[in-house]
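Q: Handing you this structure, nothing more for now.
The values are calculated or read from the model by the stated rules, or taken from the named source; none is laboratory data. For clarity, every value in this text was computed on a predicted model and none was experimentally measured. Heads up, the Cβs are rebuilt from the backbone with ideal geometry, glycines too, and the neighbour counts pull from every protein chain shown.
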Amino acid sequence: MFDRALNALLKRPLTAVATHLVRRGWSANQLTWIGFALGLLALPLITLGHPLWALAAMALNRLADGLDGTVARLTRPTDRGAFLDITLDFLFYASIPLAFALADPMANALPAAVLIYSFVGTAGSFLAFAVLAAKRQISSEAYPSKGLYYLGGLTESVETMAVFTLMCLAPSWFAPLAYGFAALCALTTVTRIVAGIRTFRPD
């Protein structure tokens, strides 16, 4: 919901850093993989009881995620880069509730499962829409620089990271936060299904 506004706010500083990285020979795919590796560090950190350190790993992941797309636009965006970006993002997002489940299975396993299930809904509806939008050559006016059709919703990257931050700051509140965010993800999935039904009418 807030991704577009945040992207506009960060565009200038990200471009400045990305320009410096391009001059030093960095590629977008390198940043994507490094960001993914940094993000996955949050999983063992949360599991071992260090959620505040996990916040640092997640912040670095998001920084790399912003930089890889900017570097791609400054050089040459590729389908491989777009594929890696969205795939590794979804794997990173799912790793956080998994980490909390591993940290305290008795208290967190069920809410983590519900949250990951809700992520399947948001990710599946997002990617299904993108595939069919590409097939019909429909482009996104809201996110024209994305490598695939970016269908927004109530729960996007900014909202997801805000909830993950709250979970790390207050681990004992993981269950209510997970259930609450899962409900918002369900609403996002419903709105995307409705958007798909309205957009992809029979020819």
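Q: Does at least one position in region 75-88 carry a residue that is over 26 Å from Thr188 (Cβ atoms) and surrounded by 18 or more Cβ atoms within 10 Å (Cβ to Cβ)?
A: no
Q: Can you tell me how many residues within region 172-203 are modelled with pLDDT under 90, more than 21 Å from the chain's Cα centre (by Cα) and part of a helix (DSSP H, G or I)?
A: 2
Q: Given (1) closer than 30 Å to Ser27 by Cβ; (2) β-branched (Val, Ile, Thr); (3) modelled with pLDDT of 95 or more, identify the lone condition not met by Val120.
A: Of (1) closer than 30 Å to Ser27 by Cβ; (2) β-branched (Val, Ile, Thr); (3) modelled with pLDDT of 95 or more, only one is false for Val120: (1).
Q: Something else: Could you count how many residues in region 20-70 are without any contact (Cβ under 8 Å) to a residue 40 or more places away in the chain, buried (at least 17 other Cβ atoms within 10 Å of the Cβ) and among the small types (Gly, Ala, Ser)?
A: Matching residues across region 20-70 total 2.
Q: Residue under question is Phe126, and the condition is that it be aromatic (Phe, Trp, Tyr), crowded, with 16+ Cβ neighbours inside 10 Å and within 30 Å of Ile197 (Cβ to Cβ); does it hold?
A: Yes.
Q: Return only the number of the condition from (1) assigned to a helix (DSSP H, G or I); (2) within 24 Å of Gly152 (Cα to Cα) that Ala107 does not satisfy.
A: Of the numbered conditions (1) assigned to a helix (DSSP H, G or I); (2) within 24 Å of Gly152 (Cα to Cα), the odd one out for Ala107 is (2).
Q: Still on this model: Tell me which residues, restricted to region 84-95, are in contact (Cβ under 8 Å) with a residue 60 or more places away in the chain and over 17 Å from Leu55 (Cα atoms).
A: Those that are in contact (Cβ under 8 Å) with a residue 60 or more places away in the chain and over 17 Å from Leu55 (Cα atoms): Asp85, Ile86.
Q: Of all the residues that make up region 71-82, how many are out of contact with any Gly (no Cβ under 7 Å at 6 or more places or on another chain), in contact (Cβ under 8 Å) with a residue 24 or more places away in the chain and within 18 Å of Leu14 (Cα to Cα)?
A: Number of matching residues: 4.
Q: Would you please list the contacts, defined by Cβ atoms under 9 Å and residues six or more apart or on different chains, that run from a residue in region 96-118 that is under 17 Å from Ala183 (Cβ atoms) to a residue that is modelled with pLDDT under 95 and not in a helix (DSSP H, G or I)?
A: These pairs meet every condition: Ser118/Thr155.
Q: Ok, one more. Can you find, within region 150-160, the residue that is modelled with the highest pLDDT among those that are part of a helix (DSSP H, G or I) and surrounded by fewer than 19 Cβ atoms within 10 Å (Cβ to Cβ)?
A: Among those that are part of a helix (DSSP H, G or I) and surrounded by fewer than 19 Cβ atoms within 10 Å (Cβ to Cβ), it is Glu159.
Q: Residues of region 171-202 being basic (Lys, Arg) and out of contact with any Phe, Trp or Tyr (no Cβ under 8 Å at 6 or more places or on another chain), which ones?
A: If the condition is that a residue be basic (Lys, Arg) and out of contact with any Phe, Trp or Tyr (no Cβ under 8 Å at 6 or more places or on another chain), then Arg198, Arg201 are the ones that fit.
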